[in-house]
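The values are calculated or read from the model by the stated rules, or taken from the named source; none is laboratory data. Since we're looking at a predicted model, the values are computed, not measured. FYI the Cβ positions are ideal-geometry reconstructions off the backbone, even for glycines, and counts take in every protein chain you see. When the accessible area is computed, the model is the full protein with side chains, heavy atoms only, and any ligands, DNA or RNA have been set aside. Shrake-Rupley method; radii C 1.70, N 1.55, O 1.52, S 1.80 Å.
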Amino acid sequence: MVESNAANAFTLTNTDTMTLYAGAIVLIVGGVITVIVAVLGVVGAWKEHQVILGVFFTCLLFLLCMEVAIGVYYVVQKDQFYTTVGDAIDTLSTRNYSDFDTALQTLLDTIHKNLQCCGLNSTKNFSPKPASCSCDVDTNDNCCELDALSWWDRPCKRPIILWMQEQSSIIAGVGIGFGLVMVFGMTMSCCLCQKKRKTGNNAV
């Protein structure tokens, strides 16, 4: 959510930020709710109260279902999303660097430097090349010499999409971690409830 490159990439491609941020927002909201629900779990386990443990189990089940739904949505929509981003980059590639306003030029410069690339879908998109395309051939593998100058030797389309995919993978990994913790909590609450039933202790 706070990664500056995310805002840069979305601004450049004119892509709806909610498309990728949705997963992060759900995880944040889910995390806050999980903390609140965890209090119920602690109280229920401490008091061995079946009703509280039942509410705890139900809340975790709801959160788990919500995460699964988001995961399914991502799997279904991800190819379309990256295709949309690629098409937007291809559209922008028909314009020269000098055709962009100052804000977009600054944005392109930032992307060139951070992702070590030049141009959009081709290194020949911009003529003349902006200064942000220059690099040190002695210290960078993605740098090559051309016309006695050193330039990034790859366009930015693929690095932008790869970067977005990496962020999505991080979100997915955190989501899976949350899911496993929830399953563990649900299992423990079921075990405690089952133990109470066996002992016949219905104390409140």
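Miscellaneous remarks
- Within the stretch 109-116, at least one residue is within 30 Å of Ile28 (Cβ to Cβ) and of a type in the set (A, V, I, L, M).
- Any chance Thr94 is over 30 Å from Val55 (Cβ atoms), hydroxyl-bearing (Ser, Thr, Tyr), surrounded by 17 or more Cβ atoms within 10 Å (Cβ to Cβ) and free of Cβ contacts under 8 Å to residues at least 40 places away in the same chain: no
- With respect to the stated conditions, Asn121 is in a loop (DSSP other than H, G, I, E, B) and either among the hydroxyl-bearing types (Ser, Thr, Tyr) or open to solvent by 30 Å² or more (accessible area, probe 1.4 Å) (or both).
- Looking only at residues of the stretch 39-82 that are touching a residue at least 40 places away in the same chain (Cβ under 8 Å) and among the small types (Gly, Ala, Ser), we find that the one that is nearest to Gly177 (Cα to Cα) is Gly71.
- Test: residue in the stretch 64-85 that is charged (D, E, K, R), open to solvent by 40 Å² or more (accessible area, probe 1.4 Å) and within 24 Å of the chain's Cα centre (by Cα): yes
- Unique residue being buried (at least 19 other Cβ atoms within 10 Å of the Cβ) and either charged (D, E, K, R) or in a helix (DSSP H, G or I) (or both) when the list is Ser132, Ser168: Ser132
- Screening Cys193 with (1) at pLDDT below 85; (2) within 24 Å of Gly30 (Cβ to Cβ); (3) within 29 Å of the chain's Cα centre (by Cα) gives one miss only, at (3).
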